[in-house]
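Enquirer: Supplied in structure tokens, the structure appears directly below.
The values are calculated or read from the model by the stated rules, or taken from the named source; none is laboratory data. All values derive from a computational prediction rather than experimental measurement. Positions of Cβ are backbone-derived with ideal geometry, glycine not excepted, and every protein chain shown enters the neighbour counts.
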Amino acid sequence: MDLDRIKSDLRRDMAARRKAVHGVVAIEPATAAMLKWIRAAAGVEVVSGYLPIRSEIDPRPVMSALVAEGYGVCVPVVEGPGLALSFRAWTPDTALIAGAYGAAIPAEDRPLKPDLLMVPLLAFDPAGYRLGYGGGYYDRTLAALAAGGRVRCVGFAYEAQALDAVPRGPYDQPLDALVIVARFRRVGRVDACLSRVARLAVGCLYILFLGDVVGRSGRAAVLAALPVLRRDWSLDFIIVNGENASAGMGLSAAHAREMLEAGADCITLGDHAFDQKDMTALIAGEPRILRPLNYAKTAPGQGSRLYTLANGDKVFVAQVLGQVFMRRAFEDPFGQIDAALKTAPLGGLAAAVIVDVHAEATSEKMAMGHFCDGRASLVVGTHTHVPTADAQILPGGTGYLTDAGMCGDYNSVIGMDKAEPLGRFVTGMPKNRFTPALGPATLAGVLVETDRKTGQAKRVTPVRYGGRLSPSAPQGV
Ligand SMILES: [Fe+2]
Ligand SMILES: [Fe+2]
């Protein structure tokens, strides 16, 4: 089926979905959010709204408020097939006449040129792409307006209009923002009136980093949670440290594939990178798995890579090993990360930069955080398997957490069944092999929200999900 046919079928279905919720869900919280976003957008003087037809969300309360605040407000006028829209000034008192497609237009042709457009739509996806009515009017108009400078475009939609992916052609551009009319998800929280995708409105990327996955229990928890968290937190990118996922030692090819299929966009490793033999072959042809930059010159695979998101943003991920108290003396991590970061400038080539510093010593990890400050969105430690409580944004805008903790059973000694390590500490004698503890795992890590333009961290939230540890999750998502 060609793209036009797919889109026209979808338009019919999505129009029915929109109609079913129209008038049922209160739009006031979303109206307030729309106003807040427009007020916060720099350099905006003239806003285009629209006069709603059929089940389009009514933006007139927003438009009226903007008029009262001194903004120029206009509405689109269809000039004819294949042409860009023109815009006529609008106020709540404007006399209207019938225009094309049943939409009212101002009787008086007082043209205005908007620098921000609120647009209706039939469907949207988490990358911010919209499904319109098929006339191409907004696409042509945006292209024409953009020639005269930056024009922002914000969608106004019901939550029911969400799709996993809107089919798109080469000329489709993502929205700058999307304000969603949704039901209350947490009573009493205004920001929770907006659904997850509304966060596009602040131009953030949501990146989840999970610490060392330990054994079967850790794997099971990760596989079950990743699809849920990606959906509920609308994650843009998920990084998982997998160095202890297979029997506590390394990561097998089969377990790596499971985690990638469950939704990990990138798996980092560590000092146990090659404990499982088949990783050597897998990593050579699997760009989603990274080993430490400074592991060994002869190691297969890569220590850093630039990943491209569905919306075109690029995320750079790198991992380094520390030198202090590690079982082998690895090469200088500071020099290696310095060189790597120069290849992907934050806010330039990379919309976000994530550094996994796999090290034992808190001091070395903290030093690495400051070394990367301003050049990374997040520096997060792994390897000790115990989450630290120092999540913060460093002065240069880099999110930081000394250790993410592990994804494993915390009724253990750092993920291992406690009998053997306890016995060794008490008697000084090994008795058996270490085996991973098998109780329910807590996923531990960090969620960083980054500014898509600058790459700087806007918020860093420790994540503890399931299992024994006290929970911690981002608010308002
Ligand atoms: Fe580990
Ligand atoms: Fe490690």
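Enquirer: Just give me the residues in region 261-272 being under 14 Å from Glu286 (Cα atoms) and either near ligand 2 (Cβ under 10 Å from one of its atoms) or surrounded by 19 or more Cβ atoms within 10 Å (Cβ to Cβ) (or both), in sequence order.
Expert: Ala264, Asp265, Cys266, Ile267, Thr268, Leu269
Enquirer: (1) buried (at least 20 other Cβ atoms within 10 Å of the Cβ); (2) in a loop (DSSP other than H, G, I, E, B): which one isn't true of Gly148, the others all being true?
Expert: It fails just one condition, (1).
Enquirer: Against the conditions (1) touching a Phe, Trp or Tyr at 6+ places or on another chain (Cβ under 6 Å); (2) more than 16 Å from ligand 2 (Cβ to nearest atom); (3) in contact (Cβ under 8 Å) with a residue 60 or more places away in the chain, where does Ala220 fall short? Just the number, please.
Expert: (1)
Enquirer: For region 346-373, which residues satisfy the criterion of being free of Cβ contacts under 8 Å to residues at least 40 places away in the same chain and not in a strand (DSSP E or B)? Explain how you work it out, then say what you get.
Expert: From region 346-373, those free of Cβ contacts under 8 Å to residues at least 40 places away in the same chain are 348, 355, 357, 359-361, 363, 366-367, 369-373; that's our starting set.
Of everything in region 346-373, those that are free of Cβ contacts under 8 Å to residues at least 40 places away in the same chain and not in a strand (DSSP E or B) turn out to be Gly348, Ala359, Glu360, Ala361, Ser363, Met366, Ala367, Gly369, His370, Phe371, Cys372.
Enquirer: From the list Thr268, Thr308, Thr343, Thr280, exactly one residue is in the same structural domain as Met406 (by TED's automatic domain parsing), among the hydroxyl-bearing types (Ser, Thr, Tyr) and without any contact (Cβ under 8 Å) to a residue 12 or more places away in the chain. Which is it?
Expert: So the residue among Thr268, Thr308, Thr343, Thr280 that is in the same structural domain as Met406 (by TED's automatic domain parsing), among the hydroxyl-bearing types (Ser, Thr, Tyr) and without any contact (Cβ under 8 Å) to a residue 12 or more places away in the chain is Thr308.
Enquirer: Looking at Gly218, Gly301, Gly285, can you tell me which residue is touching an Asp or Glu at 6+ places or on another chain (Cβ under 9 Å) and surrounded by fewer than 24 Cβ atoms within 10 Å (Cβ to Cβ)?
Expert: Step by step, each of Gly218, Gly301, Gly285 is checked, and only Gly301 is touching an Asp or Glu at 6+ places or on another chain (Cβ under 9 Å) and surrounded by fewer than 24 Cβ atoms within 10 Å (Cβ to Cβ).
Enquirer: Then there's this: Inspect all residues belonging to region 405-417 and state whether any of them is part of a strand (DSSP E or B), under 21 Å from the mean Cα position of the chain (by Cα) and surrounded by 18 or more Cβ atoms within 10 Å (Cβ to Cβ).
Expert: If we filter region 405-417 for residues that are part of a strand (DSSP E or B), which is where we start, we get 407-408, 413, 416.
Keeping just the survivors that are under 21 Å from the mean Cα position of the chain (by Cα) gives 407.
Now restrict to residues that are surrounded by 18 or more Cβ atoms within 10 Å (Cβ to Cβ): 407.
Yes, region 405-417 contains a residue that is part of a strand (DSSP E or B), under 21 Å from the mean Cα position of the chain (by Cα) and surrounded by 18 or more Cβ atoms within 10 Å (Cβ to Cβ).
Enquirer: Further, regarding this structure: Working carefully through the options Ala16, Ala20, Ala42, find the one that is within 28 Å of the chain's Cα centre (by Cα), in the same structural domain as Thr141 (by TED's automatic domain parsing) and modelled with pLDDT under 95.
Expert: Result of the check over Ala16, Ala20, Ala42: Ala42.
Enquirer: Turning to a different aspect of this structure: Take the residues in region 214-228 that are under 21 Å from the mean Cα position of the chain (by Cα) and within 17 Å of Thr382 (Cβ to Cβ), then tell me which one is nearest to ligand 1 (Cβ to nearest atom).
Expert: Among residues in region 214-228 that are under 21 Å from the mean Cα position of the chain (by Cα) and within 17 Å of Thr382 (Cβ to Cβ), the one nearest to ligand 1 (Cβ to nearest atom) is Val222.
Enquirer: Looking at the structure I just gave you, is Gly242 within 15 Å of ligand 2 (Cβ to nearest atom) and under 24 Å from the mean Cα position of the chain (by Cα)?
Expert: Here the answer is yes, as Gly242 does meet what is asked.
Residues checked against (1) on the phi > 0 side of the Ramachandran plot; (2) in a loop (DSSP other than H, G, I, E, B); (3) touching a Leu at 6+ places or on another chain (Cβ under 9 Å); (4) of a type in the set (Phe, Trp, Tyr):
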| residue | (1), (2), (3), (4) |
| --- | --- |
| Leu66 | no, no, yes, no |
| Val75 | no, no, yes, no |
| Phe87 | no, no, yes, yes |
| Thr91 | no, yes, no, no |
| Met118 | no, no, no, no |
| Leu121 | no, yes, yes, no |
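Enquirer: Continuing with this model, one more query. Just to verify a result, which residue in region 257-293, among those that are within 21 Å of Arg231 (Cα to Cα) and in a helix (DSSP H, G or I), is nearest to ligand 1 (Cβ to nearest atom)?
Expert: Taking the candidates together, the pick is Met259.
Enquirer: Could you list all residues from region 385-404 that are crowded, with 22+ Cβ neighbours inside 10 Å and either part of a helix (DSSP H, G or I) or within 14 Å of ligand 1 (Cβ to nearest atom) (or both)?
Expert: His385, Pro387, Asp403, Ala404
Enquirer: Separate question: Could you count how many residues in region 1-25 are in contact with a strand residue (DSSP E or B) (Cβ under 8 Å, 6 or more places away or on another chain) and either of a type in the set (A, V, I, L, M, F, W, C) or free of Cβ contacts under 8 Å to residues at least 40 places away in the same chain (or both)?
Expert: 4
Enquirer: Considering only residues that are part of a loop (DSSP other than H, G, I, E, B) and touching a strand residue (DSSP E or B) at 6+ places or on another chain (Cβ under 7 Å), look in region 302-317 and name the one that is modelled with the highest pLDDT.
Expert: Applying the filter and picking the extreme gives Gly303.
Enquirer: Mind checking which pairs have a first residue in region 378-400 that is over 19 Å from Cys204 (Cα atoms) and hydroxyl-bearing (Ser, Thr, Tyr) and a second that is within 16 Å of ligand 2 (Cβ to nearest atom) and in a loop (DSSP other than H, G, I, E, B), Cβ under 6 Å, 6 or more apart or different chains?
Expert: Partner pairs satisfying both residue conditions: Thr382/Gly211; Thr382/Asp212; Thr382/Ala404; Thr384/Asp403; Thr388/Thr402; Thr388/Asp403.
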